[in-house]
Amino acid sequence: MSLAGEGAVAIWHDIAPEGRAEFYAWHGEEHMPERVGIPGFLRGRRYVAIDADLEFFNLYEAQTVEVLKSQDYTARVNAPTPWTFSAVKHFRSVARAICRVAHTTGPAQGGLIATLRYDVPDNIASAHRAALLRGLVPDLLAARGVAGVHLLTADAQASGLATAEQAARGVANAVPRWVLLVEGWGDEAEFVAFAKQELAGENLKALGGEGPFSLGLYRHQITRTKTAWSPG
C-alpha cells in the first residue's frame, strides 16, 4: 500500500529494560493518538525488531512535509506531556528523520517491514533516485509477498531542529538521510532472507549509495489513525 501522504517522520530507537512497560503503555495510549491528532497527520505505525540494530521502528505519515514543519507539530514537540517526559527518558540510541516521500507504491500494508538507512552524495541524488525507480524498486515490488516499497529522503534542516522532547530524551539524535522501506506479508524467515539479499549494501553501492548501510527487519505491533486527542 502506498504511504498515506507526502511527508513522514521515521524514528528508530532502543528502550532501556526498566522503561519497557511504561513505553508500551505511553506509546499506544497517549503518544500515537496525540501525534495522529495533529492537523495533517494521517497514520502512525510501530514495529519491533526481528533482526535490527535498533529495536523499535516508528513511522508517522503526514499529508505533506510542510505539516512536519508546521506550528501545530512544532508546538506539540516543544510541550511534552508529563507522561511523555517520564517515558522518553528510557529512550536509547535514537535515529530520527523528517522526510519527504520521494516514491511510494504497493498493493497492501504488510505485517513485516525492512528499513534501510544509508547516504547518497548530493551531486548524484537525482541520478540515484532515477536508478532506484528504473530497477531496484520495480524488481522489489514484483517479488512475491511484497506489499509496498517506499523511498524517503530527509529534510536535513527540519530533522536537525532541537526540541523540548528531544532534550527530555537526553540522547543524541542521528539523522538518516535516505531511507528505503519494503513491506511484506509472508513468513518472517523468508522475508528476512529476501531483504538481506536484495537490500545488501553492494546493491545500493552499485547505484551510488554510500554506507554505513543499516538494514533492520521488523514486525508490526500497532497502527493508529486519526482520532480526536487532548492531553490528560
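The values are calculated or read from the model by the stated rules, or taken from the named source; none is laboratory data. All of these numbers come straight from a predicted model, not from anything done at the bench. Counting neighbours? That spans all protein chains shown, and the Cβs are built from the backbone with ideal geometry, glycine included. Keep in mind that these areas ignore ligands, DNA and RNA; they rest on the heavy atoms of the full protein, side chains included. Shrake-Rupley method; radii C 1.70, N 1.55, O 1.52, S 1.80 Å.
Kindly list the residues of the stretch 163-179 that lie in the label zone of T74, defined by a backbone N under 14 Å from the point 7 Å along the Cα-to-C-beta vector.
It comes to 163-164, nothing else.
Where the only charges are on Cβ atoms (+1 Lys, Arg; -1 Asp, Glu), what is the dipole of the stretch 33-100 about its Cα centre, to the nearest 20 debye? The partial results should precede the final answer.
Working: 10 positive and 7 negative charges, 21 e Å.
So the magnitude is around 100 debye.
Of the residues L59, L161, L116, which exhibits the maximal mean-square fluctuation in a Gaussian network model of the chain defined by a 10 Å Cα contact cut-off?
Of L59, L161, L116, the most mobile in the Gaussian network model is L161.
How many nm is it between the label spots at A206 and R20, if each spot is 7 Å from the Cα in line with the beta carbon?
Spacing of the two 7 Å Cα→Cβ label points: 4.0 nm.
Hand me the GluC sites (Glu not before Pro) from the stretch 113-201 located in a DSSP loop with no more than 16 other Cβ atoms within 10 Å, in residue order please. Before the final figure, lay out each step's value.
On the way: sites: E165, E183, E188, E190, E198; in loops: none.
When the GluC sites (Glu not before Pro) of the stretch 113-201 are filtered for loop state and at most 16 Cβ neighbours within 10 Å, nothing remains.
On C-alpha positions alone, give me the angle between the axis of helix 188-198 and the longest principal axis of the chain, in degrees, nearest 10.
60 degrees
Springs between alpha-carbon atoms under 10 Å, Gaussian network over the chain: tell me which of D122, D72, D53 tops the mean-square fluctuations.
In the Gaussian network model the winner is D122.
How much length is gained if the chain between E190 and I222 is pulled fully straight, taking 0.36 nm per residue apart and subtracting their Cα-Cα distance, in nm to one decimal? Walk me through the numbers on the way to the answer.
Working: separation 32, 0.36 × 32 = 11.52 nm, distance 2.22 nm.
Full-extension gain reported as 9.3 nm.
Which GluC sites (Glu not before Pro) in the stretch 16-114 sit in a loop by DSSP (not H, G, I, E or B) and have at most 16 other Cβ atoms within 10 Å of their own Cβ? Present the calculation step by step, with values, prior to reporting the outcome.
Values: sites: E18, E22, E29, E30, E34, E55, E61, E66; in loops: E55.
Counting only loop positions with at most 16 other Cβ atoms within 10 Å, none of the GluC sites (Glu not before Pro) in the stretch 16-114 qualifies.
Can you work out ³J(HN,Hα) from phi for every residue in the stretch 125-141, in order, using Karplus 6.51 cos²θ - 1.76 cosθ + 1.60 and θ = phi - 60°, giving whole Hz and x for Gly and Pro?
4, 5, 5, 5, 4, 4, 5, 4, 6, 7, x, 4, 4, x, 5, 4, 5
In units of 2.2 N^0.38 Å, what is the alpha-carbon radius of gyration of the stretch 98-210? Can you show the working numbers first?
On the way: Rg = 15.2 Å, N = 113, 2.2 N^0.38 = 13.3 Å.
Normalised Rg, Cα atoms only: 1.15.
Given the -39500 (n - 2.57) contribution per DSSP H run of 4+ residues, what per-residue ellipticity at 222 nm results for the chain, rounded to the nearest 500 deg cm²/dmol? Walk me through the intermediate numbers first.
Details: 10 runs with 65 residues, N = 232.
Calculated at 222 nm, the ellipticity per residue is -6500 deg cm²/dmol.
Quantify, in whole percent, the carbon and sulfur part of the accessible surface of the chain (1.4 Å probe; protein heavy atoms only).
Details: 5100 of 9840 Å².
So the carbon and sulfur contribution to the accessible surface is 52 percent.
For the chain, list log₁₀ I(q)/I(0) at each q in 0.12 Å⁻¹, using the Debye formula over Cα point scatterers of equal strength and ignoring solvent, two decimals each.
Log10 of I(q)/I(0), two decimals: -0.63.
Mind telling me which of Y118, Y24, Y73 comes out most flexible in a GNM of the chain, alpha-carbon contacts under 10 Å?
Judging by the Gaussian network model, the answer is Y24.
With a ≥ b ≥ c the root eigenvalues of the C-alpha gyration tensor of the stretch 1-90, is it rounded (a/c under 1.5), prolate (a/b larger than b/c) or oblate?
On the way: a/c = 2.21, a/b = 1.29, b/c = 1.71.
Oblate is the answer for the stretch 1-90, as a/c is 1.5 or above yet b/c matches or exceeds a/b.
Over 11 Å, how big is the tail of the calculated P(r) for the stretch 32-77, in percent of all Cα pairs?
67 percent
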